[in-house]
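Enquirer: Below: one structure in structure tokens.
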Amino acid sequence: MHYDSIRASYYLKKWRYYETARHDLNQSELSDAKIFFNALKCLDDEERKLLTDVYYRSEELCSFNEKTGYYHSLKPIQDQVMAKKYQVTSDRFANMRRLAQNALQKKMQQILAEIGETCVLRLNKRLYLVAFLDKGKYSEQFVLGTPLEARKFTNHADKERILSLQMLGFEKVPIHPNEYFH
């Protein structure tokens with residue numbers, strides 16, 4: 001799971017798979033499922049009910065994997081159908097669904113940021129902290145660059161430094177320790 005590319009709809013489509021195959025998930029899927037379910041339970045009741053109605057209650061399973069014996073995904077119930085159930089227009093329902101998905105995405109990102117051990121720091125979603133000049137001095141300056149050049153920090157060893165840089169406007173982006181990203 002990559003912080004910037006979390007798409008709530010992807011994990012919502014896998015919701016039933018995560019439950020059905022819970023004892024057979026690989027490490028990556030298990031980690032994703034834990035983040036997904038913890039974020040889901042943080043949503044308010046209306047958001048969770050709406051997402052349950054659209055995704056979990058869908059009977060249209062897809063992506064059957066013969067190797068695992070599980071359906072890995074499902075097709076959500078269409079907005080037009082759900083709009084009738086909720087007695088709103090299709091556009092209004094689509095907006096309600098998007099807002100609930102966005103809330104889930106933000107919660108998943110928040111959880112990932114809290115549990116992530118390794119991170120990089122960036123400014124304006126484009127420039128990443130690469131190095132320091134005059135480190136620790138009043139005249140300290142920062143070298144910024146591309147994601148591939150970004151300096152990696154660990155939450156345990158660099159906690160104070162990360163906090164001080166966040167106060168200066170840097171955004172903490174959790175990553176896998178061996179991850180190269182763009």
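Enquirer: Among the residues of the stretch 114-141, how many are open to solvent by 60 Å² or more (accessible area, probe 1.4 Å), closer than 23 Å to S31 by Cβ and aliphatic (A, V, I, L, M)?
Expert: Final tally of qualifying residues: 1.
Enquirer: Between residues in the stretch 153-168 that are open to solvent by 100 Å² or more (accessible area, probe 1.4 Å) and residues that are at pLDDT below 80, which pairs lie under 9 Å by C-beta distance while being six or more apart or on different chains?
Expert: From residues that are open to solvent by 100 Å² or more (accessible area, probe 1.4 Å), the pairs are H156/E117.
Enquirer: I'd like the residue in the stretch 37-75 that is part of a helix (DSSP H, G or I) and among the acidic types (D, E) and, out of all such residues, is surrounded by the most Cβ atoms within 10 Å (Cβ to Cβ).
Expert: Among them, the one singled out is E47.
Enquirer: Here's another thing I want to ask about it. Among (1) at pLDDT 85 or above; (2) farther than 30 Å from S28 by Cβ; (3) open to solvent by 90 Å² or more (accessible area, probe 1.4 Å), which single condition is L144 missing?
Expert: L144 satisfies every listed condition except (3).
Enquirer: Sticking with this one: Between a residue in the stretch 115-134 that is more than 25 Å from N38 (Cβ to Cβ) and any residue that is of a type in the set (S, T, N, Q), which pairs come within a Cβ distance under 8 Å, given they are 6 or more apart or on different chains?
Expert: Y128/T146; F132/Q141; L133/Q141; D134/Q141
Enquirer: Which ones in the stretch 100-130 are more than 15 Å from the chain's Cα centre (by Cα) and of a type outside the set (F, W, Y)? If you could, list the steps in order and put the result at the bottom.
Expert: If we filter the stretch 100-130 for residues that are more than 15 Å from the chain's Cα centre (by Cα), which is where we start, we get 117-118, 120-130.
Of everything in the stretch 100-130, those that are more than 15 Å from the chain's Cα centre (by Cα) and of a type outside the set (F, W, Y) turn out to be E117, T118, V120, L121, R122, L123, N124, K125, R126, L127, L129, V130.
Enquirer: State yes or no: is Y18 free of Cβ contacts under 8 Å to residues at least 40 places away in the same chain, surrounded by 12 or more Cβ atoms within 10 Å (Cβ to Cβ) and of a type outside the set (A, V, I, L, M, F, W, C)?
Expert: When the stated conditions are applied, Y18 passes them.
Enquirer: It is to be established whether one or more residues within the stretch 157-176 are charged (D, E, K, R), under 30 Å from L50 (Cα atoms) and part of a helix (DSSP H, G or I).
Expert: There is no residue in the stretch 157-176 that is charged (D, E, K, R), under 30 Å from L50 (Cα atoms) and part of a helix (DSSP H, G or I).
Enquirer: Residues of the stretch 76-85 being open to solvent by 50 Å² or more (accessible area, probe 1.4 Å) and either in contact with a Cys (Cβ under 7 Å, 6 or more places away or on another chain) or in a loop (DSSP other than H, G, I, E, B) (or both), which ones?
Expert: Answer for the stretch 76-85, where residues must be open to solvent by 50 Å² or more (accessible area, probe 1.4 Å) and either in contact with a Cys (Cβ under 7 Å, 6 or more places away or on another chain) or in a loop (DSSP other than H, G, I, E, B) (or both): just Q78.
Enquirer: Still on this structure, I have one more. Inspect all residues belonging to the stretch 95-110 and state whether any of them is over 26 Å from A39 (Cβ atoms) and exposed (fewer than 15 other Cβ atoms within 10 Å of the Cβ). If you could, list the steps in order and put the result at the bottom.
Expert: Looking only at the stretch 95-110, we keep the residues that are over 26 Å from A39 (Cβ atoms), and these are none.
Within the stretch 95-110, none of the residues are over 26 Å from A39 (Cβ atoms) and exposed (fewer than 15 other Cβ atoms within 10 Å of the Cβ).
The values are calculated or read from the model by the stated rules, or taken from the named source; none is laboratory data. Since the structure is predicted, the reported quantities are computational estimates derived from the model, not experimental observations. Positions of Cβ are backbone-derived with ideal geometry, glycine not excepted, and every protein chain shown enters the neighbour counts. For the accessible areas, the whole protein counts, side chains as well, though only heavy atoms, and no ligand, DNA or RNA atoms are used. Shrake-Rupley method; radii C 1.70, N 1.55, O 1.52, S 1.80 Å.
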